[in-house]
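Input: a single structure, listed below in structure tokens.
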Amino acid sequence: MRIDRRGFAKSLSVAAGVMAAGRWTTVATLPVAAQTAALKDLVPKGWLIGVALNQRQSDGTDTVAVELVTRQFNSITPENLLKFESVQRQPGAFTFEPQDRYVAFGADRGMAVIGHTLVWHSQTPAWVWAGAGGGPADRATLLERMQTHIATVVGRYKGRIRGWDVVNEALNDDGTLRDSPWRRGIGDDYIAKAFEFARQADPGAELYYNDFNLATRPAKRAGAIRIIRDLQQRGLRIDAVGEQGHWRLESPTTTEIDQTITELRATGLKVMITELDVNLLPAVERLAAGQAPSPASNPFVNGLPDDVQQALARRYADAFGVFLRHRDDITRVTFWGVSDGDSWLNRGRVNHPLLWDRQRQPKPAFDEVTRVLAGKTTSSR
Ligand code: XIL
């Protein structure tokens, strides 16, 4: 007999809420014990299945998410905490308290703890690239700042952070190197330098190159492969390449995903899907502060219509089908957020990109992913 999951959930969630928060809660949550399937038990041997945590989660205050993450995942990535601006907002003033809690969260649960990210053009304070006279800093100064940052952060978590996204998003869509302030100040070898410094700081840590649109833009993929080959020719350590996996329902196609994994893997590196989510909203200009989205740009305010819910489930099933075909090429799949309400893709609208909904209930997409993983099949229904 099949127990009605939601009814069962409601009856137990009140008790769970009392225990967790010491007071009655109005949010009905599915008790984790009732979620019979756990992604981490179903993925192929050797795979990590991960999720990005926000600070309320790594601090432990979002207890429902903590329980869910503990049950389902064996790897974590910090959504923002280990970015340059979070760690060293002012020159030489490092903050590590919430970062230490993040690392302890993973260590306590035997999870593979990922570091994200060391060298990026975004979420990095302007002082990093500024010279004394008001203009940009020179190469020597930038290399010194880069090395100090990497040595301090990677060094602190030596042996405890499994691997680092050393350089993030260095490419334009056409495969040329992005005009990042790091590159402007140091030159094209800023990427090699970052990997050199990271290896010095923790020779045991895995080192990754991470970027987006590698599946939709063959030229960008070719650029990533050039970066990888350059690092290899220099004799530097690089272990894996991350395709972020910020995808849509129709794009990239499964053929493109398949081709991408094949081509990236041909470098000898393992492939990771590092920031998986499926954006269901129409692409629009970013909203100005305080500007309300138009109804047409925000169609799922009251939830997902069943056809879209099912399309999302099929999309995830198909993607995991491709991943399974490449089970020996892939070492990790990480979702960019726990539940829909946590996702960065909301940004003033209501998106539904993940496997758990705003009430932290598993969606049909979760059921489909577990079905595909359990059957180790490679296609959707
Ligand atoms: C995003 C976070 O999810 C947001 O909370 C933050 O405001 C901006 O950054 N590529 C990356 C991630 O490598 O670090 C980004 O994370 C999403 C895109």
Exercise. Can you tell which of ILE257, ILE238 is crowded, with 21+ Cβ neighbours inside 10 Å and assigned to a loop (DSSP other than H, G, I, E, B)?
Worked result: ILE238
Seminar exercise, completed: Picking from PHE84, PHE73, PHE105, the residue that is over 17 Å from ALA205 (Cα atoms), buried (at least 20 other Cβ atoms within 10 Å of the Cβ), within 16 Å of the ligand (Cβ to nearest atom) and not charged (D, E, K, R) would be PHE84
Exercise. How many residues does the stretch 351-369 hold that are in a strand (DSSP E or B) and within 16 Å of the chain's Cα centre (by Cα)?
Worked result: 1
For this session: Sort through VAL128, VAL119, VAL166, VAL154 and tell me the only one that's hydrophobic (A, V, I, L, M, F, W, C), away from the ligand (no atom under 16 Å from the Cβ) and buried (at least 22 other Cβ atoms within 10 Å of the Cβ).
Result: VAL154
Exercise. Restricting the stretch 181-196 to residues that are free of Cβ contacts under 8 Å to residues at least 60 places away in the same chain and touching a strand residue (DSSP E or B) at 6+ places or on another chain (Cβ under 9 Å), which is surrounded by the fewest Cβ atoms within 10 Å (Cβ to Cβ)?
Worked result: ASP188
Exercise. Does GLU275 satisfy being crowded, with 20+ Cβ neighbours inside 10 Å, touching a Ser or Thr at 6+ places or on another chain (Cβ under 9 Å) and not in a loop (DSSP other than H, G, I, E, B)?
Worked result: yes
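Going by the conditions given, is ARG89 without any contact (Cβ under 8 Å) to a residue 24 or more places away in the chain, over 19 Å from LEU39 (Cα atoms) and either in contact with a Leu (Cβ under 7 Å, 6 or more places away or on another chain) or within 16 Å of the ligand (Cβ to nearest atom) (or both)? Step through it out loud before you land on a result.
Values: without any contact (Cβ under 8 Å) to a residue 24 or more places away in the chain: no; over 19 Å from LEU39 (Cα atoms): yes; either in contact with a Leu (Cβ under 7 Å, 6 or more places away or on another chain) or within 16 Å of the ligand (Cβ to nearest atom) (or both): yes.
In short, no.
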For this session: Please name all residue pairs, on different chains or six or more residues apart, with Cβ atoms under 7 Å, provided the first residue is in the stretch 240-262 and is away from the ligand (no atom under 16 Å from the Cβ) and the second residue is at pLDDT below 95 and not in a strand (DSSP E or B).
Result: none
Exercise. Of the residues ASP357, ASP329, ASP307, ASP342, which is surrounded by fewer than 18 Cβ atoms within 10 Å (Cβ to Cβ), among the acidic types (Asp, Glu) and in contact with a helix residue (DSSP H, G or I) (Cβ under 8 Å, 6 or more places away or on another chain)?
Worked result: ASP329
For this session: Return only the number of the condition from (1) modelled with pLDDT of 95 or more; (2) farther than 21 Å from ASP277 by Cβ that GLN55 does not satisfy.
Result: (2)
Problem set entry | Residue in the stretch 188-201 that is within 16 Å of the ligand (Cβ to nearest atom), of a type outside the set (S, T, N, Q) and more than 18 Å from ILE150 (Cα to Cα) present | no
Exercise. Counting only residues that are more than 16 Å from PRO252 (Cβ to Cβ), more than 16 Å from the ligand (Cβ to nearest atom), assigned to a loop (DSSP other than H, G, I, E, B) and in contact (Cβ under 8 Å) with a residue 12 or more places away in the chain, how many does the stretch 304-350 have?
Worked result: 4
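Can you go through ALA170, ALA151, ALA130 and tell me which one is in contact (Cβ under 8 Å) with a residue 12 or more places away in the chain and more than 29 Å from HIS246 (Cα to Cα)?
Criteria check complete, one pass: ALA151.
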For this session: For the stretch 55-62, indicate whether the set of residues that are touching a Ser or Thr at 6+ places or on another chain (Cβ under 9 Å) and either closer than 30 Å to GLY375 by Cβ or surrounded by fewer than 17 Cβ atoms within 10 Å (Cβ to Cβ) (or both) is non-empty.
Result: no
Exercise. Are there any pairs, at least 6 apart or on different chains, whose C-beta atoms fall under 9 Å, with the first in the stretch 97-124 and among the acidic types (Asp, Glu) and the second surrounded by 21 or more Cβ atoms within 10 Å (Cβ to Cβ), and if so, which?
Worked result: ASP100/TYR157
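The values are calculated or read from the model by the stated rules, or taken from the named source; none is laboratory data. None of these values were measured; they are calculated from a predicted model. Using ideal geometry, Cβ is built from the backbone for each residue, glycine included, and neighbour counts are taken over all protein chains shown.
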